[in-house]
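Below: the structure, in structure tokens.
What follows draws every value from the coordinates through simple rules; no lab data is involved. Source: prediction; values computed, not measured. Cβ atoms come from the backbone with ideal geometry, glycine included; neighbour counts cover every protein chain shown.
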Amino acid sequence: MFDHLPSPYGLVRLGVAPDHPKIKTSIRVYEKIAAHEDYAFWGNVTVGQDVTLPELQRHYDAVLFASGAATDRRLDIPGEDLPGSYTATEFVAWYNGHPDYRDHEFGLSAKTAIVVGQGNVAMDVCRILAKTVDELKSTDIAQHALDALAESSVEDIYMIGRRGPVQAKFSQKEAKEMGKLEICEPIVTPSDLELDPLSQAEYDDSGNQNAQRVLPVLREFSERPSANAQRRLHFEFLKSPVEIIGNGKVESIRIEKNRLEGEPNRLKARGTGETIELSAGLIFRSVGYRGAPIPGVPFRDDWGVIPNDDGRVTEADKAVPGLYVAGWIKRGPTGVIGTNKPDAQATVAALLDDLASLKPCESRDSEPLQATLKERGVRVVSFADWKIVDAAEIERGKAVGKPREKFVRVDEVLALLDK
Ligand code: NAP
């Protein structure tokens, strides 16, 4: 298993919110697999940069890509890249201690923050902005993020969805959490929950079970008397950002009101032409992740995935022998951790079916690959190395009452291993 970072576990370590520790227990399954004598971890190695695909194929009969979705979709609106407008991807990676994002800074001195999108990632971003340091300090949130959030001036958070409450993608559990925060109250305008006939049909139809679970939570929020809380999370529906405005930095956002069109369960947002401008100093775009290409590997740029036929990588609709794909880079950035289990099983079944017909690699001895990487100045981090880092992180965490204090720079990890 090759990883760009000197740590395993990808999104479980660096994407799952720090205040959702239960989800991270899936790491135990991976630890069991890693204990198998035929498993090897090659951390701190970037495939396509430190080692090419043909070099890997010299030593392995098959290569399976499970590289996820490392970038984000764009809104394609004017002002999107103004300072003060960020992607959820960056913010999530930053508060989780991803080394590539350690030095990012976010304009947390703004009083109003806008989060575009209504998925579970948008919920994570809103919750981290809404929580106090006390609510976060005993999680594994990176210390640099906790320090910056302690100075946050954010008072109003607007979570903006382009469609209605029935089409919101966040789950019930995540919605409920928003009603239990220390200094932040959820605000839902009651009239926003009066459904148009198409949404009502969608709601009544069991096809949208998420809405049946989420809507009662939103209804309960809409009936709450104001708590005059220090922070407010405003749920906004049927609104699309059309322009981010500012002179050198974000000052406001222009939003167009939408109506819904089409078939229930496939309703689309259409602009009404009516716009409003909302002052805000901080914007997070949380409209979905996007896969990134790997040099030498087929890639569908329009979908942000590696083209495949049920896990077999394809090029011009033909399977490329020995190349496989699983997870978000196979099917796009949707679904929870558990969704990847049947997805990976299907890919591995395809690999096992092909096994007898695969062209064997030149040499199964991977020692020469270790030597090549060493020559290139790449310090490969093994699973035994990772266990040393893991233990050190847990020890550092004990001192500050956290489950772990992550190392947030690759240099720090390598210095620990080679001292
Ligand atoms: P998501 O669930 O697909 O949500 C993306 C959101 O962005 C949707 O509300 C979508 O609206 C909106 N959107 C897309 N394009 C837009 C545009 N051009 N303008 C305005 N809004 C736009 O994706 P995600 O939140 O990134 O999450 C990815 C996956 O990880 C999901 O399956 C999620 O459940 C999972 N996840 C789970 C957890 C958890 O279990 N706690 C935590 C984090 C992530 P439309 O619906 O209109 O397209």
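Taking all Cα pairs closer than 8 Å and separated by 6 or more residues, the relative contact order of the chain comes to 24 percent. Candidates 329, 225, 237 compared by Cα position along the dipole of the stretch 220-363: farthest toward the positive end lies 225, with charges placed on Cβ. On a per residue basis, the convex hull of the C-alpha atoms belonging to the stretch 9-118 measures out at 166 Å³.
Let me check I have the definition right: for the stretch 224-289, take the eigenvalues of the Cα gyration tensor, multiply each by 5, take square roots. What are those semi-axes in whole Å, largest first? Walk me through the numbers before you get to the answer.
Numbers: eigenvalues 115, 76, 30 Å².
Ellipsoid semi-axes (Å, largest first): 24, 19, 12.
Rounded to the nearest 20 debye, what is the charge dipole size of the chain about its Cα centre when +1 sits on each Lys and Arg Cβ and -1 on each Asp and Glu Cβ?
Numbers: 53 positive and 65 negative charges, 117 e Å.
The calculated dipole for the chain is roughly 560 debye.
Subtracting the Cα-Cα distance of residue 82 and residue 259 from their residue separation scaled by 0.36 nm leaves 60.9 nm.
Starting from the Cα gyration tensor of the chain, take the square roots of the eigenvalues, sort them a ≥ b ≥ c, and report rounded, prolate or oblate (rounded when a/c is under 1.5, otherwise prolate if a/b is larger than b/c, else oblate). Walk me through the numbers before you get to the answer.
On the way: a/c = 2.01, a/b = 1.47, b/c = 1.37.
The shape class here is prolate.
For 52, 132, 87, which order do you get if you count the other beta carbons within 10 Å of each Cβ and list the fewest first? Can you show the working numbers first?
Values: 52 13, 132 16, 87 24.
Neighbour counts put them in this order, fewest first: 52, 132, 87.
Helical content alone sets the calculated 222 nm signal of the chain at -9000 deg cm²/dmol, taking -39,500 (n - 2.57) per DSSP H segment of four or more residues and averaging over every residue.
For the stretch 221-380, the relative contact order comes to 11 percent (Cα pairs under 8 Å, sequence separation of at least 6). Distances between placed amide hydrogens fall under 5 Å for residue 114 paired with 158, 282, 283, 284, all partners being 5 or more residues away or on another chain. Under the criterion of Cα pairs below 8 Å and six or more residues apart, the relative contact order for the stretch 58-149 equals 30 percent. Taking only alpha carbon atoms, the stretch 61-123 gives an Rg to Rh ratio of 1.04, where Rh is the Kirkwood radius.
Exceedance of the 20 Å cut-off in Cα-Cα distance is limited, within the set 111/249; 131/398; 22/131; 24/330; 24/341, to 131/398; 24/330.
Taking only the C-alpha atoms of the stretch 80-178, Rg followed by Dmax gives 13.4, 38 Å. Rg/Rh for the stretch 143-229 stands at 1.04; both radii use Cα atoms, and Rh follows the Kirkwood definition. Exposure proxy ranking for 284, 2, 407, based on other Cβ atoms within 10 angstrom of each Cβ and starting from the fewest, stands as 2, 407, 284.
As a rough footprinting exposure proxy, the listed residues 302, 353, 61 were ranked by other beta carbons within 10 Å of their own, and the order from fewest upward is 302, 353, 61. Gain on full extension, evaluated as 0.36 nm per residue between residue 309 and residue 132 minus their Cα-Cα distance, stands at 59.1 nm.
Provide Rg over Rh for the stretch 225-382; use the alpha carbon set for both Rg and the Kirkwood Rh (inverse mean inverse pair distance).
Values: Rg = 23.9 Å, Rh = 21.0 Å.
With Rg and the Kirkwood Rh in hand, the quotient comes to 1.14.
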